[in-house]
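The values are calculated or read from the model by the stated rules, or taken from the named source; none is laboratory data. What you see is a predicted model, and the numbers here were worked out from it, not measured in a lab. Positions of Cβ are backbone-derived with ideal geometry, glycine not excepted, and every protein chain shown enters the neighbour counts. Quick note on the areas: whole protein, heavy atoms, side chains included, nothing else; ligands and nucleic acids left out. Shrake-Rupley method; radii C 1.70, N 1.55, O 1.52, S 1.80 Å.
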Amino acid sequence: MRRITCAWWALTFFYLCVMFYLSGRTRLNPALSIFPGEDKLLHFIEYSGLGFLLFRSLTISGLERKPLLTAFLIASLYGGFDEIHQHFVPGRESGWLDFIADAIGSWAGARAGQFLFFFSRPYLR
């Protein structure tokens, strides 16, 4: 069980590193956007992945006190720090709407993790 726990935390940490790397890169040409607000959808998807990974890592570690809230708060705080980081990257923008998309995605991902964990729990033992 310890290997599985370490694997989930390693995957979560790797995901955070990839997110940080991508947020430090200059944005592609905005003219290539498929539809307006596309970046908000991408923020939502990216942070729902983080919320899911955090929730799963917390629950598999046995830290089940309030994993949904904890995963949401950690992912949302990281989203806030990421927006501050992007403010200093040339060619990138940061804003409240991006942070809100991050937070909503974090909540959705953590809830999806909770949903999957609830239904798979009998099979984990």
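Rounding to the nearest 10 and keeping the result within 0 to 90°, find how far the Cα-based axis of helix 38-60 lies from the longest principal axis of the chain.
20 degrees
Measuring from the lowest to the highest alpha carbon on each principal axis, how far does the stretch 42-125 reach, largest first, in angstroms?
Rounded to whole Å, the extents work out to 49, 19, 16 Å.
For the stretch 46-120, which trypsin sites (Lys or Arg not before Pro) pass both filters: DSSP loop (anything but H, G, I, E, B) and at most 14 other C-beta atoms within 10 Å?
Qualifying residues, ordered by number: Arg65.
DSSP loop (so not H, G, I, E, B), at most 16 other Cβ within 10 Å: list which GluC sites (Glu not before Pro) in the stretch 1-110 pass both filters.
Those that pass, being in a loop and sparsely packed, are Glu64, Glu93.
Report, to the nearest 10°, how far helix 96-124 tilts away from the longest principal axis of the Cα atoms in the chain, using its own Cα long axis and a range of 0 to 90°.
20 degrees
Go through Met19, Ile74, Ile104 and say which Cα lies farthest out towards the positive end of the charge dipole of the chain; charges sit on Cβ, +1 for Lys and Arg, -1 for Asp and Glu.
Ile74
Heavy atoms only, 1.4 Å probe, whole protein assembly: order Trp8, Trp96 by accessible area, highest first.
Descending order: Trp96, Trp8.
Calculated from DSSP H runs of 4 or more alone, at -39500 (n - 2.57) each and per residue, what is the 222 nm mean residue ellipticity of the chain, nearest 500?
Working: 4 runs with 95 residues, N = 125.
Mean residue ellipticity at 222 nm (helix-derived): -27000 deg cm²/dmol.
If the only charges are +1 at each Lys and Arg Cβ and -1 at each Asp and Glu Cβ, what is the size of the charge dipole of the chain around the Cα centre, to the nearest 20 debye?
720 debye
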